[in-house]
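Accompanying notes for the structure given below.
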Amino acid sequence: MILPAGDNVIATQDLVKRYPGADQAALNGLTLQVARGTVFGLLGPNGAGKTTAISTLCTLLRPTAGTATVLGHDVVREADAVRRLIGLVPQDIALYPSLTARENLRYFARMVRVPGRRIEARVSECLELVGLLDCADRRIATFSGGMKRRANLAVGILHQPEVLFLDEPTVGIDAQSRNLILERLAELNRAGMTLLYTTHYMEEAQQLCDEIAIIDAGRIIASGVPAQLVAAADGCENLEDLFLVLTGKQLRD
Amino acid sequence: MMLLLANIKKELLLLSRDRAGLLVLFVMPMLLVLVLALIQDNLFRATGETATRALFVNLDEGGLGAELGVKLEATGALELVEEFAGQKISIERARQTVFNGDYQFAIVIPPTFSANINAAAETTARGAFREEQSPLTASQLTVFFDPTVRGVYRTAVVNALQRGVLGLDIARKSEAFGRLLPEELQRSMNEQMGPFWSGGMQPKLPQLSADWTGQALIELHEESAYPEKYATLPTSVQQNVPAWTLFGMFFIVIPLAGTLIRERQEGTLTRLMTMPVGNASLLLGKVFAYLLICLVQFGLMLAVGKFVLPLLGTPVLEIGSAPLALLAVAISAALAACGYGILVGVLARSYDQASTFGAVSVVIAAALGGVMVPVYVMPRVMQELSVISPLGWGLDAFLEIFVRGGNLVSVLPQVAALVGFFLVCIVFASLVFRRWRRGA
């Protein structure tokens, strides 16, 4: 294990990911560091490479070139070690719709090696944390969008990972659910969990993130503390202004 | 081990929540066994085991039409119906009844049947004595067929008819021969001896009887065309229950492949791949859960053959006396089906692909393996091709136990082939799975 300098829990160096048959690289020399205990926002327009970056760091994709480490473990050579230390809240509602919330959490708790005697207690804790304990025995298929998102988050934190990756965890849900999720993420961070998080909601990133990186075409075009970045940019009042200045106003469908 | 158990439990939970899917998994194969065993039982009977009912319109003014009727019924292949509600059947009514499909055959005996046969027999016998050819007026017998009747069925009836007609033919010729012999002998002697022949002297000749016409000179011995394969041919139930049971078990390919595809589409598989859980645990969890389902299916379908089908008039399914061998074959066939399901699930890109390819490939393997038509009645080329079908291996093993009293040792080759097929499928699927997981 190689511990990154400055206690960075995530470090990438010239990371390149080129999909077969694609004209452009999805990641094109991405270099970033995420310090322990921070909430790091990875922002960018559609197709910028955010999901590819998270997938690579979560061991789902093998980079074409460059290196990436999580908590000092190389994501390719030490994928198993990385998997034990991270949690992922994917963009999809990655749950079994015909199982109840509790059944889903019990199953995933086994998969992330929560000790058998602790499973029931930990499942209840996580359900309570996301406000779903009362409907724990309802099937996921009967949940609203916000409830599903919260259950999706609960699975990601079952084993109290040191680093939690979140890919647009609040997309398409009501204000109440979004507020609850953001509050819980802040709590988890205060408890010492490092969060790497992608979103299209700039005000959310400004509220939650200690540090951000704006990426486009697979490379970082700006990074730093949100407030400092906004202050340094002429005519930008907030992160959204800065984002549009840096990435342009043309559609990216 | 705990991970594997958790995966098995999850799969069973998912299955238990899919009531429609469960209905398909259990009810469909049972219906398949019930319906097809019953249908094929009737077909087996229609092509030889029981008499076929046919209309018999006898317009003959002599007695030979009735005699033919007796001979036809004596073959055991035909049961003749001569009247509807106490009334003789007319030709037109017979033709219409057959055309409507109410009966499949009608045999019509013309009014001059006896007269024509007798005249023809006499002409033939006399011509034989005098070494001369005389023109014959053959008696015509008409058979109306329902146009939808299958060839094999039609052939069976025509054969029975020809047997009856041949018997009648020989009997009439022999009778004419016996009757003409003294007269022709007298005439011949007169011609040869001329004035030296005393017309008062009648030659004493042995009397001929036509009874010998009914005695067979050649005895037909029936033997299986494939005796090395089956010492005794399986009944329709012995053939159909294991055959359609295997078919049903292999249809597990579709829901099993479907779970893998749904997990990919819903994102749960992606999530699982970021967790510290091995590929073997994920894949074998599915295999063992569905293996259990297959074995329950198997048990239910044997119960249908043993207890339900006999209530509907079919023979009882005899399952032999080697329960351990039966279990080994059932487990290995179920493993083969599950392994194939996993492979299809890994290779298919969508549920539609998996369901279409899975279903078609199982139907092809079933056809090749003798599920639909027994291998022993297939053309030789198809019999040779049947060796590539896992369903064929399974069926062979079941028939070995059910029909030939096989045991664990005698079904070992088929069990090994089925387990080998499972291993090939699962290893190949694991390699593809590993490639996904390594993000290739």
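The values are calculated or read from the model by the stated rules, or taken from the named source; none is laboratory data. What you see is a predicted model, and the numbers here were worked out from it, not measured in a lab. In this analysis, Cβ positions are derived from the backbone assuming ideal geometry, glycine residues included, and neighbour counts consider all displayed protein chains.
A quick yes/no check of all residues on (1) within 24 Å of A:S55 (Cα to Cα); (2) of a type in the set (A, V, I, L, M, F, W, C):
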site	(1), (2)
A:F108	yes, yes
A:V114	yes, yes
A:R118	no, no
A:A136	no, yes
A:I140	no, yes
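Taking the numbered list (1) out of contact with any strand residue (DSSP E or B) (no Cβ under 9 Å at 6 or more places or on another chain); (2) farther than 28 Å from A:E240 by Cα; (3) more than 14 Å from chain B (Cβ to nearest Cβ) in turn, A:S177 passes all entries but (2). The set of residues in segment A:92-107 that are within 8 Å of chain B (Cβ to nearest Cβ) and either surrounded by fewer than 21 Cβ atoms within 10 Å (Cβ to Cβ) or within 20 Å of the chain's Cα centre (by Cα) (or both) comprises A:D92, A:I93, A:A94, A:L95, A:P97, A:S98, A:L99.
Filtering segment A:172-191 to residues that are surrounded by fewer than 15 Cβ atoms within 10 Å (Cβ to Cβ) and at pLDDT 90 or above leaves A:E183, A:A186, A:E187, A:R190, A:A191. Within segment A:6-35, work out how many residues are free of Cβ contacts under 8 Å to residues at least 12 places away in the same chain and either under 17 Å from A:R62 (Cβ atoms) or surrounded by 23 or more Cβ atoms within 10 Å (Cβ to Cβ) (or both). Within segment A:6-35, residues that are free of Cβ contacts under 8 Å to residues at least 12 places away in the same chain and either under 17 Å from A:R62 (Cβ atoms) or surrounded by 23 or more Cβ atoms within 10 Å (Cβ to Cβ) (or both) number 4.
Every condition in (1) outside any loop (DSSP other than H, G, I, E, B); (2) in contact with an Asp or Glu (Cβ under 8 Å, 6 or more places away or on another chain); (3) more than 14 Å from chain B (Cβ to nearest Cβ) holds for A:N46 except the one numbered (1). Looking only at residues of segment A:58-80 that are buried (at least 18 other Cβ atoms within 10 Å of the Cβ) and within 10 Å of chain B (Cβ to nearest Cβ), we find that the one that is nearest to the chain's Cα centre (by Cα) is A:C58.
Here B:P315, B:P276, B:P310 are screened, and the one residue that is within 24 Å of A:T52 (Cα to Cα) and out of contact with any strand residue (DSSP E or B) (no Cβ under 6 Å at 6 or more places or on another chain) is B:P276. For segment A:110-142, a tally of residues being outside any helix (DSSP H, G or I), away from chain B (no Cβ under 12 Å) and exposed (fewer than 14 other Cβ atoms within 10 Å of the Cβ) returns 1. Taking the listed residues B:G86, B:G21, B:G63, B:G48, the one that is surrounded by fewer than 20 Cβ atoms within 10 Å (Cβ to Cβ), over 20 Å from B:R154 (Cβ atoms) and modelled with pLDDT under 75 is B:G21, with no other qualifying. Return a yes/no flag: does segment B:337-353 have any residue that is crowded, with 20+ Cβ neighbours inside 10 Å, under 26 Å from the mean Cα position of the chain (by Cα) and more than 30 Å from A:E78 (Cβ to Cβ). Taking every residue of segment B:337-353 in turn, at least one turns out to be crowded, with 20+ Cβ neighbours inside 10 Å, under 26 Å from the mean Cα position of the chain (by Cα) and more than 30 Å from A:E78 (Cβ to Cβ).
Residues in segment B:104-158 that are of a type in the set (G, A, S), modelled with pLDDT of 75 or more, closer than 25 Å to B:E92 by Cα and surrounded by fewer than 18 Cβ atoms within 10 Å (Cβ to Cβ): B:A115 only. Scanning segment A:220-229 for residues that are within 18 Å of the chain's Cα centre (by Cα) and either among the acidic types (D, E) or farther than 13 Å from A:F40 by Cα (or both) gives a single hit, A:I220. Listed by first and then second residue, the pairs linking a residue in segment A:163-174 that is more than 20 Å from A:R190 (Cα to Cα) to a residue that is of a type in the set (D, E, K, R) and buried (at least 22 other Cβ atoms within 10 Å of the Cβ), with Cβ atoms under 6 Å apart and 6 or more places separating them unless they lie on different chains, are A:I173/A:R149. For segment A:192-220, filtered to residues that are in contact with a Pro (Cβ under 8 Å, 6 or more places away or on another chain) and assigned to a loop (DSSP other than H, G, I, E, B), the residue that is surrounded by the fewest Cβ atoms within 10 Å (Cβ to Cβ) is A:M193.
Summed over segment A:92-109, residues that are assigned to a helix (DSSP H, G or I) and modelled with pLDDT under 95 total 0.
Exactly one residue out of A:L196, A:L188, A:L158, A:L239 is in contact with a helix residue (DSSP H, G or I) (Cβ under 6 Å, 6 or more places away or on another chain), under 26 Å from A:R83 (Cβ atoms) and among the aliphatic types (A, V, I, L, M): that is A:L158.
Results for (1) in contact (Cβ under 8 Å) with a residue 60 or more places away in the chain; (2) outside any helix (DSSP H, G or I), shown as yes or no for each residue.
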{"site": "B:V329", "(1), (2)": "yes, no"}
{"site": "B:A333", "(1), (2)": "yes, no"}
{"site": "B:V371", "(1), (2)": "yes, yes"}
{"site": "B:Q383", "(1), (2)": "no, no"}
{"site": "B:V409", "(1), (2)": "no, yes"}
{"site": "B:L431", "(1), (2)": "no, no"}
